[in-house]
Amino acid sequence: MAAYEPWNEQRAGEIIAAELGREGAALPILHALQAAFGHVPRDAVPMVATALNLTRAEVHGIVSFYHEFREHAPGRHLLHVCRAEACQSLGADAMHTKLRQKLGVDWHGTTADGAVTVEPVFCLGLCAVGPAALLDGRPLGRLDDERLQAELEAAS
Amino acid sequence: MSRVFVPRDAAALALGADAVAAALASHAGVVRTGSRGLFWLEPMIEVETPQGRIAYGPVAAADIPGLLDAGLVQGGPHRLRLGKPEDLPFLIGQTRFTFARCGVVDPLSLDDYRAHGGLKGLARAIEAGPAAIIDAVAKSGLRGRGGAGFPTGIKWKTTADATGARKYIVCNADEGDSGTYADRMLMEGDPFALIEGMAIAGVAVGAAKGYVYTRSEYPHAIAAFDAALAIARREGLLGSNVLGSDHSFDIEQRVGAGAYICGEETSLLESLEGRRGQVRAKPPLPAHKGLFGMPTVVNNLVTLASVPFILSEGPEAYQAVGYGRSRGTMPIQLAGNVKYAGLFEAGFGLTLGEIVNDIGGGTRSGRPVRAVQVGGPLGAYFPPALFDTPFDYEAFAARDGLVGHGGVVVFDDTVDLAKQARFAMEFCAAESCGKCTPCRIGSVRGMEVVDRIMAGQKVDANIALLTDLCHTMKFGSLCALGGFIPYPVMSALTHFPEDFRVPQKVAAE
């Protein structure tokens, strides 16, 4: 489980400055901001734009293009479940439907108590041990309803 | 203290390898390795004995006390004892050129890498010079392992001949195809092979900087490769004097952000330059105007990692295996509902049936195999009737399929191919970069049409419409996403028509 920093303009400025020397720095900057704050805060967008000599619209365009960048902080735990074909062949779809019903969330949603955010991904490269997921970055394989539930309970 | 090798491959971690390593820590010298790629046996641990390594698996942390009592560190008998790993049938049948060290060496030990034949290719390349390197790569017959199968030697020659203020080597490690994990395994299990391959490419075309674009879904590969880069710089494999020569070469890893389209080479370049990953029209080719407008080699990770072998063992050794115009080996990745899921590196030419039934052992569920998707989400679904198709770029293309990056996803008889066709369109809609209309709009319309077919509405008319739409997408899209998504859709429709004509309980409309 990741602890994110509260929004801090000065800190955001430092993060941006640290990555600015790289060629094509937009993605490294956005990744660094998300690692610190858990998402790419709206207030950071004009700062990134100024630093990269882009318009705010262009930076928003980059943030919104990539599925990985979030505009809101996730719950205390982040669950990435694989929706791709190899996991489908092992019954992942039905497992995901049950999971989302049980948690009361849709894709990208966070449970009402703020415990878990469920993100769909298309492939984790764990296709030989599916159905697969990443829970707070920890790989999980050969999941079924019970095992996934147990992992979530153990984490919280 | 005896050494015990425990994989740190992400798939082994997903099955509890960390807990196994922790349970062993106070009893043996634990060395973390990559995976040999026999995932039904993971976590598979190996103990070093005077007779060689002895493997045990699949091992759970709870098995460790019993294993230790049975004399694990001496290779003692136990129900989980597998014997010498290299004698396992799954490994005997392979031709491991590119993945020879994966699962064997400590991925972060350059000494280990050297001891297992590493850096010989780069040393020979530096000695031979650019023209001879390109000649060797061309002679080997190596073709792009990302799926397009373009001759690597020609790509390198084009970049070498192009003029630019600077040149780049870009490694495409945005391995987004479902059913593929070869790039991930190599980055976690033998990262120096990629570094060596990229350095050889740098010498060949005159590039001093390389980028590896790794997908963000691979946190363990990212960490392993960054650690390897730091070691490579410290040990003089990268830097201003590569292996003591006058060549300067460094590599930087960049992390994607969950966009499948960034596996398309021009979209990847846009992303590296800091923009939305939208596809560029070609020409100009990246070899002429690639990253930041400079001549750039963009190669798949497996392509680059195959090069050290070609230089060290000679192009003839590589060229000698294969089938037709597909020379050398391909890491076939068995995935999904398959009994023996794993990485099987072999020369091209095995039939799909041999791969799925003989090597893969059929389904994990024990039910009959009904469909196999080869080549990721843009690959065709093949029925067992096409199992005589040899694994070869041309043979798959001739049957309206593709080899892609070598992923083979097996489905049993519970699969609904209409649902899979719908998913293909849904995936394309979610991942389209939006630049061209056939892909952006066609995928959404395609999803709607499949929905209507599945609901039993005007089935004949809608199948005709779907066929027409697929034709438009195939020939009108800018890149392979919109251009190839007709493969899974049309193969489902052609080979499994019964799934699209389910009798409706209630007449629709």
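Every number in this text was worked out from the coordinates using simple rules, so none of it is lab data. These numbers come from a predicted model, not from an experiment. Ideal geometry is used to build each Cβ from the backbone, glycine not excepted, and the neighbour counts take in all protein chains shown.
Mean separation of Cα pairs under 8 Å and 6 or more residues apart, divided by the residue count, gives chain B a relative contact order of 14 percent.
Put simply, when B:333-343, B:257-267 are sorted by average Cβ atoms within 10 angstrom per residue, most first, you get B:333-343, B:257-267. Between residue B:139 and residue B:494, the FRET efficiency estimated from the beta carbon spacing at R0 = 51 angstrom works out to 0.85. Arranged from fewest to most other beta-carbon atoms within 10 Å of their beta carbon, B:252, B:127, B:270 become B:127, B:252, B:270. Of the peptides B:115-126, B:198-209, A:80-91, the ranking by mean beta-carbon count within 10 Å, highest at the top, reads A:80-91, B:198-209, B:115-126.
Over all other residues within a Cβ to Cβ distance under 14 Å of residue B:110, the charged ones net out to -1, with Lys and Arg as +1 and Asp and Glu as -1.
Once you reduce the range B:174-213 and the range A:7-39 to the center of their Cα atoms, the two points are 26 Å from each other. Dipole of chain B computed with +1 at Lys/Arg Cβ and -1 at Asp/Glu Cβ about the Cα centre; of B:88, B:425, B:72, farthest Cα towards the positive end is B:425. Among A:15-23, A:125-133, the peptide with the highest mean count of other Cβ atoms within 10 Å heads the list, and the full ranking is A:125-133, A:15-23.
Counting Cβ atoms of other protein chains within 10 Å of each residue's Cβ and taking the mean over peptide A:67-75 gives 2. Rounded to the nearest 20 debye, the dipole magnitude of the range B:417-500 is 240 debye, with +1 charges on Lys and Arg beta carbons, -1 on Asp and Glu beta carbons, and the Cα centre as origin. The mean count of C-beta atoms from other chains within 10 Å of the C-beta of residues in B:206-219, rounded to a whole number, is 3. Checking the Cα-Cα distances for B:157/B:474; B:120/B:155; A:102/B:458 against a 32 Å cut-off, the pairs over it are A:102/B:458.
The simple spin-label model puts a point 7 Å past each Cα toward its Cβ; for residue B:69 and residue A:57 those points are separated by 7.2 nm. A Förster radius of 25 Å, combined with the Cβ-Cβ distance separating residue A:72 from residue A:102, puts the computed FRET efficiency at roughly 0.65. Maximal additional length on extending the residue B:245-residue B:467 stretch stands at 74.2 nm, based on 0.36 nm per residue less the C-alpha distance.
From the alpha carbon centroid of the range B:240-263 to that of the range B:24-89 is 35 Å.
State whether the range B:40-81 is rounded, prolate or oblate according to the following rule on the C-alpha gyration tensor (a ≥ b ≥ c being the square roots of its eigenvalues): a/c under 1.5 gives rounded; otherwise a/b larger than b/c gives prolate, and the remaining case gives oblate. In terms of gyration-tensor shape, oblate. Per residue of the protein assembly as shown, the DSSP helices (runs of n ≥ 4 H) give a summed -39500 (n - 2.57) that works out to -11500 deg cm²/dmol at 222 nm.
Taking the charge dipole of chain B about its Cα centre, with +1 at Lys and Arg Cβ atoms and -1 at Asp and Glu Cβ atoms, the residue from B:384, B:365, B:59 reaching farthest to the positive side is B:384.
Each of A:12, B:20, B:151 was scored by the projection of its Cα onto the charge dipole of the protein assembly as shown, and the greatest displacement toward the positive side belongs to B:151; charges sit on the C-beta of Lys, Arg, Asp and Glu.
How far apart, in nanometres, would the label points at residue B:458 and residue B:163 be if each is projected 7 angstrom from Cα along the Cα-to-Cβ direction? In this crude spin-label approximation the distance works out to 6.0 nm. Taken as Cα centroids, the range B:304-334 and the range A:132-156 sit 38 Å apart, rounded to the nearest whole angstrom. In this Cβ point-charge picture (+1 for Lys and Arg, -1 for Asp and Glu), the range B:322-412 has a dipole of about 200 debye about its Cα centre.
Highest mobility in the GNM of chain A, judged by mean-square fluctuation with C-alpha springs under 10 Å and restricted to A:14, A:71, A:119, is found for A:14. For the protein assembly as shown, the Cβ-based charge dipole about the Cα centre amounts to some 800 debye (Lys, Arg positive; Asp, Glu negative; other atoms uncharged). What's the FRET efficiency of residue B:62 with residue A:8 using the Cβ-Cβ distance as r and R₀ = 41 Å, to the nearest 0.05? Working from the Cβ atoms, E equals 0.35.
Antiparallel beta bridges, as assigned by DSSP with both residues in the protein assembly as shown, represent about 50 percent of the total such bridges.
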